[in-house]
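Participant: One structure, pasted below without further comment.
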Amino acid sequence: MTTRLAFYRGKSLFSKAIRWFTRGAYSHVAIVEKDDRIIEAWHSPSKVRVIKHLGEGHEPGRSEEHTSE
């Protein structure tokens with residue numbers, strides 16, 4: 001079974017603060033299901049959410065990269 005991940009580089013102040021604090025390249029990561037639905041932790045309210053595609057619910061200008069393992 002292949003697991004696909006989407007790594008995000010958010011453009012918001014909050015995302016930039018996460019990258020600065022963690023000294024990392026990404027602000028968060030999500031799991032990409034076989035049917036391309038996205039499962040990710042979400043901050044408001046603190047929960048896990050499922051969305052239909054990578055761009056749904058994210059601000060324009062953020063970037064993501066994909067990987068499989």
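Participant: What is the set of long-range amide H partners of residue 42 at a cut-off below 5 Å, with H atoms built 1.01 Å from backbone N?
Facilitator: Long-range HN contacts for residue 42: 47, 48, 49.
Participant: Around residue 12, which amide H atoms from residues at least 5 apart in sequence, or from another chain, sit under 5 Å from its own amide H, with H modelled in the peptide plane?
Facilitator: Result for residue 12 returns nothing.
Participant: Can you pull the one-decimal nm distance between simple spin-label points at residue 17 and residue 42, each 7 Å off the Cα toward Cβ?
Facilitator: The modelled label-to-label distance comes out at 2.1 nm.
Participant: Turning to a different aspect of this structure: Explain nothing, just compute: Karplus ³J(HN,Hα) = 6.51 cos²θ - 1.76 cosθ + 1.60, θ = phi - 60°, for every residue of region 23-39 in order, whole Hz, x for Gly and Pro.
Facilitator: 6, x, 7, 10, 9, 6, 9, 9, 8, 9, 6, 4, 8, 6, 5, 10, 10
None of the figures in this text is laboratory data; all of them are computed from the coordinates on show. The model shown is predicted, which means the values in this text are computed figures rather than measured ones. With ideal geometry, Cβ positions are generated from the backbone for all residues, glycine too; neighbour counts draw on all protein chains shown.
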